[in-house]
Amino acid sequence: MAKLSLQEVETIAELAKLTLTDEEKATFQEQLSAILEYAEIIQQVDTTHILPTASALPINNVMRLDEVMLSFPNEDALLNAPSATEGCFKVRAVLD
């Protein structure tokens, strides 16, 4: 026995902007109904002792700590610059 009616399948197809033949509607009625029946089975699983989570895997921060440290001297940073002016990189204007 199908859980979804043909009218519901037609509504879903309309929302998805799909044009279905009568044969496709019947196929999708069976397939979508099977999915809903499986979802009902899953709903019966006891999850009272399982904490809600957004991920099944542990999430660890892979970023390094933000520590204050010395940076390159300005002269070293500009060593390979094609062009520099007054201690800054000199680049072509990108906006007119």
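Observations, loosely collected:
- 25 Å Cα-Cα reach of residue 3 towards lysines, excluding residues that sit fewer than 8 places from it in its own chain: 17, 25
- Computed about the Cα centre, the dipole magnitude for the stretch 36-91 is approximately 180 debye when only Lys and Arg (+1) and Asp and Glu (-1) carry charge, each at its Cβ.
- In this structure the amide hydrogen of residue 84, modeled in the peptide plane, comes within under 5 Å of the amide hydrogens of 90, none closer than 5 places in sequence on its chain.
- Cα lying deepest toward the dipole's positive end in the chain, options 27, 65, 39, charges on Cβ: 65
- Summing Cβ point charges (Lys, Arg +1; Asp, Glu -1) relative to the Cα centre of the chain gives a dipole of roughly 360 debye.
- A full extension of the chain between residue 24 and residue 37 corresponds to an added length of 2.7 nm, given 0.36 nm per residue minus the alpha carbon distance.
- In the chain, the DSSP-assigned H stretches of four residues or longer account for a calculated mean residue ellipticity at 222 nm of -11500 deg cm²/dmol, using -39500 (n - 2.57) per stretch and the full residue count as denominator.
- Taking the C-alpha atoms only, the angle from helix 22-43 to the longest principal axis of the chain is near 80 degrees.
- Ranked 3, 17, criterion: other C-beta atoms within 10 Å, fewest first: 17, 3
- Cβ-based exposure ranking for 62, 9, 91, in which fewest neighbours within 10 Å come first: 62, 91, 9
- Relative contact order for the chain, counting Cα pairs under 8 Å that sit 6 or more residues apart, in percent: 18
Throughout, read-outs are computed from the coordinates displayed, never taken from laboratory work. Predicted, not measured: the structure shown is a model, and the values here were computed from it. Reconstructed Cβ throughout: ideal geometry from the backbone, glycine too, with neighbour counts over all protein chains shown.
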